[in-house]
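The values are calculated or read from the model by the stated rules, or taken from the named source; none is laboratory data. Here the structure is a predicted model, which is why all the values come from computation and not from measurement. When we count neighbours, we look across all protein chains shown, and the Cβ atoms used for this are built from the backbone with ideal geometry, even at glycine.
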C-alpha cells in the first residue's frame, strides 16, 4: 500500500495532469526538462530576472549564445557547452535569456538514484557552480542530455519502467557533469577544513564563535584557522561570518520576512546588532540590500 501511494505521488509530480501543472502537492514535478525558448515564452520568465530560491537542482547548458546567471550573488557567464549547477536553497538570478539557446534540467534530490546522489555529494552547498567540459566530454554530455530529453518527452513505457529509465539517465548525466573540472579548482581540502566547513553549515545560526567550533571538533582555533586559510583563503572566523551574511542575503532577497526577524533567526540578540554586523561586512544595511536586490540587474 505504501508503495502504491508513493508511486501515485511520484506520478502526480513527474507527469502532473494538465489542470494541475505544478503537481498535486504544489511543489511541481520531480524532474522537468525545458528549452530556453520555452522558458522565455513562459509566464515565469520575468521572475527569473529577480533573485529567487528553489528547492530543486538546476542544471543549465547552452547550445548557442551566451547568458549570465548569478548564483548566491556571484555572477557567472555561461557559454556553449558549459554547464551551470545551482543547488536547492541557493539564490539564482538569470540574465540575457534572449541571446542564448540551451536546455534546463530541474530535479529534486529525492528523484536521483541514491548511489549517484551519494557519489557526487549532490546536495553539497560548496560544490562548484560552473563546469567546463573538454570537446570529448561535451559530445558525451550532449548525447546523455538528448537521450534524457527524449525519454522525458516520450510516453511509450509503463510508468514504473519509465521512472527507472529516467532515474538512470539522470544519474549518468549528473555523474558526468560532477566529474568535469571546475575553473580555478585548487588542491583537495584537508579533513580538518571539511569537518569545520560542515560544522559551520549546520550551526552558523546558533554560534558565530570560533571557539565553539574548535571545542566541538576537538581542534584548536589556530588549527582551524590554518586549515581554512589554506583551503578557502580566509581565516576561520571570517568563514563563519561570511556564511551568516550569505544566509542573511538569501532571506533578504527572497522572502518578505522583516529584517529584524531574520536577524533573530540568525542568532542575533537585537535588530541593532544584526544591522551593525551586516553593514560592517557588506557596506550596506539589510533594508538597503533588500531594496537593491529587488531590481533586476543582469543583462
- Which residue out of 281, 202 is more than 19 Å from residue 91 (Cβ to Cβ) and either surrounded by 15 or more Cβ atoms within 10 Å (Cβ to Cβ) or outside the structural domain of residue 77 (by TED's automatic domain parsing) (or both)? 202
- Message: Please go through (1) surrounded by 14 or more Cβ atoms within 10 Å (Cβ to Cβ); (2) within 23 Å of residue 295 (Cα to Cα) for residue 56 and return the number of the only condition it doesn't satisfy.
- Response: (2)
- Here, helices (runs of 4 or more DSSP H) confined to segment 219-299 with at least 1 residues that are under 24 Å from residue 191 (Cβ atoms) are 221-232, 236-254
- Could you grab me the full set of residues in segment 113-132 that are out of contact with any helix residue (DSSP H, G or I) (no Cβ under 7 Å at 6 or more places or on another chain) and either in a loop (DSSP other than H, G, I, E, B) or surrounded by 15 or more Cβ atoms within 10 Å (Cβ to Cβ) (or both)? 121, 124, 127, 128, 129, 130, 132
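Quick one: how many residues across segment 74-98 are on the phi > 0 side of the Ramachandran plot and surrounded by fewer than 16 Cβ atoms within 10 Å (Cβ to Cβ)?
Number satisfying all stated conditions: 1.
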- Query: So which of 224, 159, 217 ends up being surrounded by 19 or more Cβ atoms within 10 Å (Cβ to Cβ) and farther than 27 Å from residue 86 by Cβ?
  - Reply: 224
- Taking segment 28-38 as the region of interest, how many residues are touching a strand residue (DSSP E or B) at 6+ places or on another chain (Cβ under 7 Å) and either under 11 Å from residue 105 (Cα atoms) or buried (at least 18 other Cβ atoms within 10 Å of the Cβ) (or both)? 7
